[in-house]
1. Restricting to the stretch B:355-410, name every residue that is modelled with pLDDT of 95 or more, in a loop (DSSP other than H, G, I, E, B) and among the aliphatic types (A, V, I, L, M).
2. Please tell me if B:Thr431 is open to solvent by less than 10 Å² (accessible area, probe 1.4 Å), outside the structural domain of B:Val47 (by TED's automatic domain parsing) and either of a type outside the set (Ser, Thr, Tyr) or touching a residue at least 24 places away in the same chain (Cβ under 8 Å) (or both).
3. Please verify whether the stretch A:6-16 includes one or more residues that are at pLDDT 90 or above and under 28 Å from B:Ile149 (Cα atoms).
4. Sort out which residues of the stretch A:53-81 are more than 23 Å from B:Asp308 (Cβ to Cβ) and more than 14 Å from chain B (Cβ to nearest Cβ), and write them in order of number.
5. Anything in the stretch B:428-467 that is among the charged types (D, E, K, R), in a loop (DSSP other than H, G, I, E, B) and within 19 Å of the chain's Cα centre (by Cα)? List them, or say none.
6. For the stretch A:17-40, give me each residue that is open to solvent by less than 20 Å² (accessible area, probe 1.4 Å), within 11 Å of another protein chain (Cβ to nearest Cβ) and in contact (Cβ under 8 Å) with a residue 24 or more places away in the chain.
7. Does B:Gly218 satisfy the condition of being part of a strand (DSSP E or B) and surrounded by fewer than 24 Cβ atoms within 10 Å (Cβ to Cβ)?
Amino acid sequence: MNATNRNEILALRRAILEIDVNNHPGVMSHVVGLFSRRAFNVEGILCMPVGGGSHSRIWLLVNEDGRLAQLIRQLEKLEDVQTVRRHGANHAVFERLEDFFKA
Amino acid sequence: MTETLTGAQITVRLLERQGIRTITGIPGGAILPIYDALSASSRIRHVLARHEQGAGFMAQGMARVSGQPAVCLASSGPGATNLLTALADAKLDSIPLVAITGQVPRAMIGTDAFQEVDTYGLSVPVTKHNFLASSADELLEIIPRAFRIAASGRPGPVLVDIPKDVQNQAIDIAEWPAPGCPDPVPAVAPGPIAEAAALINAAARPILYLGGGVIHSGAAGTALQLAEQASLPTVMTLMGLGALPVDHPLSLGMLGMHAARYTNLALDECDLLIAVGARFDDRATGKVTHFCPQAKVIHIDIDPAELDKIKTARVGIAGDVAKVLAALLPAVRPTPRTAWLERVESLKARFPRRLTHLDNPLSHFGLIRCIAACLDDQAIIATDVGQHQMWVAQAYPLRRPRQWLTSGGLGTMGFGLPAAIGAALAEPERTVVCFTGDGSILMNIQELITAAEEKANIKVVLMDNASLGLVHQQQALFYGKRIYASRFHAAPDFAGLARACGIKAVDLDHHPNPCAGLLDAINARGPWLIHASIDANEMVYPMVPPGAANREMIGH
């Protein structure tokens, strides 16, 4: 992501979701499936175990459109999702990764 | 006392402990250990379906009449894929199911083994939750949890996929987990209750809008009390039918695409819509920007994600509707609301529901009413999907919750017959009528044999128009009368087919006394097929054209 791209991203109005989940093999498909079957593009995904490994944290970079509030409510209904926090597009988590995504 | 049991035996024991007494399913290689364990159970009876989709819908029939989670079994691969439609149907209608599928042994997962399919992945979007068991030990947690999830909050289907080696794995068990029970319903916050009551008390033209959630939460009695106390004209969704007796003076029947004109016109005039356990489905609302255009909305639903999903609520209350309505009652002022009720009556008089040919049992409405006249409110009424379903929804005097079993959200043709068998299995003392069409029944006709084997007390009323009636209707109305792929040019002799499956049958078409023929079939215990031909050019009227506002109804 170079500077121009970042401006484009901000122009498109992105949001970042921080999702705490139970850590098991099916969780990612439950979470990203909610987005894909609504034709809602997920621009970036990060996932790592936290604590002792029984839980994971998923970071999603998504477009901010009118459907996002409904998607967050659907996420909160998933059995394996504990909490969903919503951040603005300027959150550091994806910004610091930019170095790894240079063409 | 420590016992050594296999995963299969543990599964069966947990189902027994859960109170399950009837299971539907079809065995196959990957689930044979569970079937072997089931053969040793003296508490659970297995009903052998003829197709896994049939097994899924039979379980739905049991769950819909009882309100309790019901269980179906299937093997891996095609067994599991055949279940998916019944699971998707249960998801959309919020029906509690626990589906257990066999899977190839863990070591073979991902190898394209015989009858291997990614059941877990396939079932994610059509279940409320799903599990892939990775050890026998894990079943002790998963299975009670599956029942808890299926029955908690907004009910739904849960799938448990169990690899064959997990079914065969033996472990020592010293202690059994408690059966899975629904989570307690959340407490009702007083603030929104007061706000909702104030809106109701201040409204001049309120309407109560009851959905399937009222049935699921056992709130019909409380809803009726609220309607009477505040003089609220009441509409029901397809899933909500039976919440209020349809002949109650405050009932406006079903709303939406095939409502009576007066129902949709009253909604058009209301200034407050009190939505209870309903989700503003497009078949109910029509063009949603034109739905109840003058109304503030109170929306009560157990699922917080339903609030503000389609229509923004002035007051949204996430909670169990029975509890919320009970909290609302003391705050709602008794009101005669004479002017509004008179206005509704005048709409009823000017734009009535026209039920034609009620005295002719060989017409669609006449047949429905003739059957209703043979039965009391104890009967269970199931339908398939199509014109017959809408005619029954319009004309059958439904009067109690859980009397009515229909595929609402998914609209699955083939639902009716197996769902009716499931209802008869769960409540064998009742008569179960299944209204169906010639298109629908062919989609799960093999279950006639199951009905014969089980001697299920079902009466399959086949309204035969040799067509896919609703498709035919849409082509006639909206596609320039280009009738294409919706007429059947060949058809079985349905009465003969039923007899070949071991079911008694009566054909009303050439019967000297159709009413007497009907009465005999309904009064005789056991499965019957009642065949009656219907004119393919009959329409379900009135109708809101797809995408139009509900006030723009066509037909009488």
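1. B:Leu375, B:Ala379, B:Val385, B:Leu398, B:Leu410, listed by residue number.
2. Spelling it out, it is not the case that B:Thr431 is open to solvent by less than 10 Å² (accessible area, probe 1.4 Å), outside the structural domain of B:Val47 (by TED's automatic domain parsing) and either of a type outside the set (Ser, Thr, Tyr) or touching a residue at least 24 places away in the same chain (Cβ under 8 Å) (or both).
3. No, the stretch A:6-16 contains no residue that is at pLDDT 90 or above and under 28 Å from B:Ile149 (Cα atoms).
4. Correct list: A:Gly53, A:His55, A:Ser56, A:Arg57, A:Ile58, A:Trp59, A:Leu61.
5. Within the stretch B:428-467, B:Arg430 is the sole residue that qualifies.
6. A:Gly26, A:Val27, A:His30, A:Val31, A:Leu34
7. No, not satisfied.
Residues checked against (1) over 21 Å from B:Ala382 (Cα atoms); (2) in the same structural domain as B:Asp376 (by TED's automatic domain parsing):
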| residue | (1), (2) |
| --- | --- |
| B:Asn457 | no, yes |
| B:Gly469 | no, yes |
| B:Leu477 | yes, yes |
| B:Ala498 | no, yes |
| B:Asp507 | no, yes |
| B:Pro512 | yes, yes |
| B:Asp520 | no, yes |
| B:Asn523 | no, yes |
| B:Ile554 | yes, no |
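The values are calculated or read from the model by the stated rules, or taken from the named source; none is laboratory data. Everything numeric in this text was worked out from a predicted model, so none of it was measured. Methodologically, a virtual Cβ is constructed for each residue, glycine included, from the backbone with ideal geometry; neighbour enumeration extends over all protein chains shown. For accessibility, only protein heavy atoms count, side chains too; no ligands or nucleic acids. Shrake-Rupley method; radii C 1.70, N 1.55, O 1.52, S 1.80 Å.
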